[in-house]
Amino acid sequence: MIFQLSDFLFPETPARLFPDTAERPWVLEVGFGDGRFWPPFAHTFPEAPNYLGVELSGVSLLKAERRLRAAGLPNAVLTKLPASVVVREVIPAGSLDAIIVNFPDPWPKAGHTEQRLLRVPFFQLAAHRLKPGGAVLLTTDHDEYFEFACAEAEASGVMRVELAEPPAAALETKYALKWRDLGLGVHHARFIPTAHPTDSAAVSFAPYPKEESAVPHAILRLPDALHPQNLSQTHFDKYTARGGQHAADPVGWTVVLLDAYRSLAKDGLVFLAHVVEGELTQEVLVNVNPRPDGQFLVRLARFGGPIITPGVKAAVATVTAWLEERGAETTNRGY
Ligand SMILES: C[S@@+](CC[C@H](N)C(=O)[O-])C[C@H]1O[C@@H](n2cnc3c(N)ncnc32)[C@H](O)[C@@H]1O
């Protein structure tokens, strides 16, 4: 089953994700590619563990979904999201039996190591989300990334490193075969939590709502020049706003208004906004629709199932600010 960000709770429960098998072990695979690892690995257990797979590539997601369906693995959820967002926001504390990472992107160029997943913050987060006895399992052909990951695990202060043989299924993935054809060897390590961090910012959940809060909106009067019939292309340039940084969220949000459209159905406007909050990006639509009293309602559209994060609320505020800068007068704010 494929889940979008908005399909999840923050945090989730195995009982909701895997209602028929909630008591089974729970495995997360990061960057599953075309999904070749999970079916043979799952079948090494008497009962297939529950599986959550995260991947950034949409093409891979569809290939893997077909593969898992053909293998008869109903207790599997796949999602197209960055791993750290899923581990931080979706996975409850002490709930995973394993986090499996096969052939992660090595980011080999100098200055790019910040892009690597297996760094201190990820290990601290993982130690908090794994059950006692759980582990992060890494298989890679890349000597330098392997040493880097082992050093980062040690430096995290919450993991010990155990070198071991990789699971057989990890040697049959698309990338395993690619590197084997080139004659490259494989490294495998188990990173085992030695502590369960409780007080680090890395282990707290971001302020995403557990339940959808009221849809952010504003009511305003538009000057004649901004009425949808009167707007023209010359009124619009890309527009960026930033904010929301505080102690618990030093990154904050960035909202870029990419474009605005006339709505034929409502005689209103629709703004397309790109919202970035750390590794989480969402594209949202913000409607500006006429009300019977002659004012306009600025409101987040439900299209695409956005998660109402602080950045998404800020998208509504940013559209409102854009209109105010051009003469609109806000009479009511709900964001
Ligand atoms: C080198 S490929 C390996 C794929 C597969 N594990 C295999 O062995 O064939 C790395 C995969 O990780 C995915 N990926 C990279 N960064 C990711 C992230 N932050 N979260 C989830 N997936 C990621 C990429 O899209 C890519 O498919």
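The numbers here are math on the coordinates, done by the rules we state, and not lab data. Quick caveat: nothing in here was measured; it's all calculated off a predicted structure. Glycine also receives a Cβ, built like all others from the backbone with ideal geometry; neighbour counts cover every protein chain displayed.
Looking at the chain, what % of its DSSP beta bridges pair antiparallel, to the nearest 5?
Expressed as a percentage, antiparallel bridges in the chain total about 70.
Treat each spin label as a single point 7 Å out from the Cα along the C-beta direction, and report the ALA70 to THR194 distance in nm.
The answer from the label model is 4.4 nm.
Assuming a strict under-24 Å limit between Cα atoms, what lysine pair count do you get for the chain once near-sequence pairs (fewer than 8 apart, same chain) are dropped?
Final tally of qualifying lysine pairs is 14.
So, in nm, how far is label HIS246 from label LYS178 when the simple model puts each one 7 Å beyond its Cα toward the Cβ?
4.3 nm
Relative to the compact-globule scaling 2.2 N^0.38 Å, provide the ratio for the alpha-carbon radius of gyration of the stretch 1-144.
1.00
Between LEU9 and LYS109, take the C-beta separation as r, use R0 = 41 Å, and let me know the FRET efficiency to the nearest 0.05.
0.60
Any chance you could list the semi-axes, whole Å, largest first, of the equivalent ellipsoid that the Cα gyration tensor gives for the stretch 217-334, using √(5λ)? Write down the numbers at each step before the final one.
Working: eigenvalues 121, 39, 36 Å².
In descending order the semi-axes read 25, 14, 13 Å.
Only loop residues by DSSP count here, and only those with at most 14 other Cβ atoms within 10 Å; note down the trypsin sites (Lys or Arg not before Pro) in the stretch 253-335 that meet that.
Listed in order of number, the matching sites are LYS266, ARG302, ARG326.
Amide H to amide H, which residues 5 or more places from ASP34 or on other chains are under 5 Å from it, using H placed in the peptide plane?
Result for ASP34 returns LYS174.
At most 14 other Cβ atoms within 10 Å and a DSSP loop assignment: could you name the GluC sites (Glu not before Pro) in the stretch 1-92 that fit?
Those that pass, being in a loop and sparsely packed, are GLU23, GLU47.
Using only Cα atoms, tell me the angle between helix 120-129 and the longest principal axis of the chain; keep it within 0 to 90° and round to the nearest 10.
It is inclined by approximately 80 degrees.
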